[in-house]
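Asker: I'd like to ask you about the structure that follows.
The values are calculated or read from the model by the stated rules, or taken from the named source; none is laboratory data. What you see is a predicted model; the values in this text were computed from it and never measured. When we count neighbours, we look across all protein chains shown, and the Cβ atoms used for this are built from the backbone with ideal geometry, even at glycine.
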């Protein structure tokens, strides 16, 4: 949760006025299932050099699998899918998918292991 500070901050000459936003710290490891009951499983296939994001419902049934090589492409495909409004009702869950797919992309690039948090 973020709180907008009403104190204006000037940065440099003629750069305009900006406002400071103070954000509460959150525990990134306490990721829970989306309020809708949907969740994702993310895996890295080092043979095909692709990242897979599996969307599952509360009954653990696979609804869709998105494959790609870059986090931004996968997230774009997921979030602009019309069904995403049903799958992700919580913005923090959407942010979690973005963070995890980026971690998977880095693991793929450096050849390291990836563990979904």
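Asker: Report yes if some residue within the range 14-22 is modelled with pLDDT of 90 or more and out of contact with any helix residue (DSSP H, G or I) (no Cβ under 8 Å at 6 or more places or on another chain); otherwise report no.
Answerer: no
Asker: Suppose the filter is in contact (Cβ under 8 Å) with a residue 24 or more places away in the chain, part of a helix (DSSP H, G or I), within 15 Å of the chain's Cα centre (by Cα) and surrounded by 14 or more Cβ atoms within 10 Å (Cβ to Cβ); does residue 51 pass it? Spell out how you get there, then give the answer.
Answerer: Values: in contact (Cβ under 8 Å) with a residue 24 or more places away in the chain: yes; part of a helix (DSSP H, G or I): no; within 15 Å of the chain's Cα centre (by Cα): yes; surrounded by 14 or more Cβ atoms within 10 Å (Cβ to Cβ): yes.
Taking the combined requirement at face value, the residue does not satisfy it.
Asker: Kindly evaluate residue 40 against the criterion of being surrounded by 15 or more Cβ atoms within 10 Å (Cβ to Cβ), under 19 Å from residue 117 (Cα atoms) and either out of contact with any helix residue (DSSP H, G or I) (no Cβ under 9 Å at 6 or more places or on another chain) or at pLDDT 90 or above (or both).
Answerer: Spelling it out, residue 40 is indeed surrounded by 15 or more Cβ atoms within 10 Å (Cβ to Cβ), under 19 Å from residue 117 (Cα atoms) and either out of contact with any helix residue (DSSP H, G or I) (no Cβ under 9 Å at 6 or more places or on another chain) or at pLDDT 90 or above (or both).
Asker: When you scan the range 68-86, do you find a residue that is surrounded by 15 or more Cβ atoms within 10 Å (Cβ to Cβ), at pLDDT 95 or above and assigned to a strand (DSSP E or B), even just one?
Answerer: Among the residues of the range 68-86, at least one is surrounded by 15 or more Cβ atoms within 10 Å (Cβ to Cβ), at pLDDT 95 or above and assigned to a strand (DSSP E or B), which makes the answer yes.
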